[in-house]
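The values are calculated or read from the model by the stated rules, or taken from the named source; none is laboratory data. Source: prediction; values computed, not measured. Cβ placement follows ideal geometry from the backbone for every residue including glycine, while neighbour counts extend to all protein chains displayed. Side chains are part of the model used for accessible areas, which takes the heavy atoms of the whole protein and leaves out ligands, DNA and RNA. Shrake-Rupley method; radii C 1.70, N 1.55, O 1.52, S 1.80 Å.
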Amino acid sequence: MTDPERVDLVIVGAGVYGLAAAKTYLQITPSAKIILFESASTLGGTWSQHRLYPGLKSNNIVGTYEFSDFPLDLESYNLEPEQHIPGPVLHRYLTSYAEHFGFFNNIRFDTKVQSAEHKNGGGWIVKTELWHSPWAGQKSEVFTSKLIVATGFTSDPFLPQIEGSESFKAPIFHFKDILKHTSTLGTPGNVCILGCTKSGWDAVHAYASQGKQVDWIIRKSGHGPTWMSPAKVTPFKKFLEKLVLTRVLTWFSPCIWGNVDGYTKIRSFLHKTAVGRFIVDKFWGILGGDVLALNNYSAHPETIKLKPSTNPMFLGASGLSILNYDTDIFDFVRNGTVRVHIADIVNVDTNAVNLSTGEQLSTSALVCCTGWKPGPPLKFFPVGADFGIPSQSEPWTSEVLDSIDEEIFTELPRLRNQPQSNPFLTPLLEANDGQSVSSGAQTDCFKLYRFIVPPKFIESRDLAFAGCMMSFSASICSEVQALWIAAHFDDKLSTNGDTFHETVLHNRFSKWRTPVGFGARFPDFAFDSLPYYDLLVRDLGLNYLRKRGTIANLFYPYSSKDYIGLVQEWLTQNTKHSSS
C-alpha cells in the first residue's frame, strides 16, 4: 500500500466557514499545503448549486453577508440596496472569493470524508471516498498535521420515522433535496409540508408561489411556529439583523460572557437587580409585541395558527428568522392556497397523509422540514477518545453541572425562570435501518472550548471545529473564528484560566439561554453574537471595540466592515512580539 499524501492542513467542508478558514490560514502561512474536501460538486454549503431552488434568498441584506476584505458590490452582482441576497448571487460570490484568494484549486469536490483518526504524536489520517464522478467509490488517505471540521449543521438532513411510508406512493423527501424533486413544484395536486421552522416557511412559499395547494402540518407535539419577523422592526424601522449586532441592545440579553465588552456595571444592573430585570423583560416584550403586531396574526382564523407562543427573550438564531419573500406569505394563508393544520402525522397510506385530528390529506408529495442530524457527518478515531462532539465525548458529572448551573443562575437570575414548554412535546424519531435517533434529544451536546476546540485537544493544537453554532452573521463569525483557529494552531492566543471550567460554563449557559432553540445541543446565538466575537478578538490580543468613538461603538450596528484588516493587525502584532 502506498504512503498517504501528506499536507499541512485539511479542511472538511467548503461552505462559508471552510472558505474563511482556508483563506486566513494561507494568509498567515502562505507556504502551507492545504486541501479542502467538499462532498458536493460545487462550493458554498447552503449556497452550493445543488441547493439553489427557485426563489432561494438569504435572510441577510446587501452589506451584511460578505467578507471584510472582499466586498459584495452592487454593480458586479446586479443588486439593489437593502435587497435580500439571492442564492445564486451568494454562490457566485463565494466562488469568486475562493478564486480571488487563490485556493479554489485546493478544493477537491465530490469527495466525502468518511473518517479522521488521530495519531500518537499528533496529526491525522483522513480517509475519503469519491462521490458523483466516473471514479465514484474510489477511496484514499491523506495525512495532515492539522484538521479543521467546517461541515456546519445543515449538511446531513434529518428525516423522521413515518408509519406506512413503505407503501406511500408519493415522494417523501427533506427540503434540502428540493432540486431533486422540482417536478413536484409544477405537477397537479396539492403538497403536504411538515415543519414550521424557517425552512418550513421557505418550502410553503416556494410551492404556494407556484400555484400549488399546500397543506402545512405543524406538529401539535412540536415546538410550534418559529418567530418570523418583517425585515424592519420597531417604530424606527430598523433591520432586525442590524439590531442584534448593535452593542447597546446586546446589554439586554443575559450573556455569561457579556462582561468581556467592558460594560460590566450596566450589565450587572440589568441582570442582577429586580429593577433591571423588569426593564429587560419590558424590552423583550416590546420587541416581540412589535413583531406580532406587524404580522397581524389575529386578523384571520388561519394566520393566528402561525402565531408563536414562546417568549422572545429565549430565542436564538434558530427560533427567529426574517420574512424575506417577494410576496406576502400570509396572503396565501388568507386566500386558502395554504391550509394550516396543527396536528401530528399518525401515518401515511397509498396516497394520503392521516392526521391526529382525523383529517386525511391526499397529496402528491410530503416535504419534511425537520432539521438536521446532530454532529459532524464523519467518524472520529480512536474510539473512546473525547472529541467534544455528540456521542464522542465524556459526560460531565452531575456535581460539575450543578455547580455550573448555580454559577449561571447567580450571575443571570432571570434564566432560572425558564419558559414553559409544550406539555405535549414529543421528539421525532429518525427513519433509519438501526436505532432510532431523536431529532429533539437533549441528552448530548457539543463540548468545545470557545465552541471551537475539544478541551482534550487544546495542547495538541491540531483539531478545530468551525461553525458549530447558529448566528445571525455567518460572515463575521467565520472570519473571526478562522483567525482564532490559526492563532491557536500557532500557540499564539492570549487565553488564561481554566479552559475546562469555561467550556462547561459556556456550553451549559447555551442550554439555559436558548431552550426554545438548540441551546441544549450547541450555541444558538442572536443578541449574544457580538459579545462572542468580542471574546475571540480579545483572545487574539486585539481591540474588540472596532469602531471609532463611544457613540459609534454603542449605537451603530457592527458589520464585516468593522473587521477589515483584522488578520493584518494580528500579523503585525505578532511580528513585533517575535522581534522583541
* Asked: Exactly one of (1) more than 24 Å from the chain's Cα centre (by Cα); (2) more than 24 Å from Leu429 (Cα to Cα); (3) surrounded by 18 or more Cβ atoms within 10 Å (Cβ to Cβ) is unmet by His341. Its number?
  -> (2)
* Asked: Considering segment 163-198 alone, what residues qualify as being closer than 22 Å to Lys307 by Cβ and in contact with a Ser or Thr (Cβ under 9 Å, 6 or more places away or on another chain)?
  -> Cys192, Leu194, Gly195, Cys196, Thr197, Lys198
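Condition check ((1) among the small types (Gly, Ala, Ser); (2) touching a Leu at 6+ places or on another chain (Cβ under 9 Å); (3) open to solvent by 30 Å² or more (accessible area, probe 1.4 Å)) across all residues:
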residue	(1), (2), (3)
Ile452	no, yes, no
Ala464	yes, yes, no
Ala486	yes, no, no
Asp491	no, no, yes
Leu505	no, no, no
Thr514	no, yes, no
* Structure fact -> Residues of segment 176-197 being under 26 Å from the mean Cα position of the chain (by Cα) and open to solvent by less than 20 Å² (accessible area, probe 1.4 Å), in sequence order, are Ile178, Cys192, Ile193, Leu194, Gly195, Cys196
* Residue check: is Ile148 touching a residue at least 60 places away in the same chain (Cβ under 8 Å), in contact with an Asp or Glu (Cβ under 6 Å, 6 or more places away or on another chain), within 30 Å of Phe70 (Cβ to Cβ) and open to solvent by less than 50 Å² (accessible area, probe 1.4 Å)? -> no
* Only residues that are under 16 Å from Gln114 (Cβ atoms) and in contact with an Asp or Glu (Cβ under 6 Å, 6 or more places away or on another chain): list them for segment 353-396, please. => Lys373, Pro377, Phe381
* To do: Select from segment 151-175 the residues that are farther than 16 Å from Ala365 by Cβ and not hydrophobic (A, V, I, L, M, F, W, C) and write down the one among them that is surrounded by the fewest Cβ atoms within 10 Å (Cβ to Cβ).
  => Glu166
* Just for helices (runs of 4 or more DSSP H) wholly inside segment 497-558: which have at least 2 residues that are of a type in the set (Val, Ile, Thr)? -> 499-513, 550-555
* **Hits in segment 210-219 - residues which are open to solvent by 30 Å² or more (accessible area, probe 1.4 Å) and either modelled with pLDDT of 95 or more or on the phi > 0 side of the Ramachandran plot (or both)** => Gly211, Gln213, Arg219
* List the pairs whose first member sits in segment 297-311 and is free of Cβ contacts under 8 Å to residues at least 24 places away in the same chain, whose second member is of a type in the set (D, E, K, R) and open to solvent by 50 Å² or more (accessible area, probe 1.4 Å), and whose Cβ atoms are under 8 Å apart, counting only residues at least 6 apart or on separate chains? -> Tyr297/Lys307; Ser298/Lys307
* Does segment 41-61 contain any residue that is over 19 Å from the mean Cα position of the chain (by Cα), outside any helix (DSSP H, G or I) and of a type in the set (A, V, I, L, M)? -> no
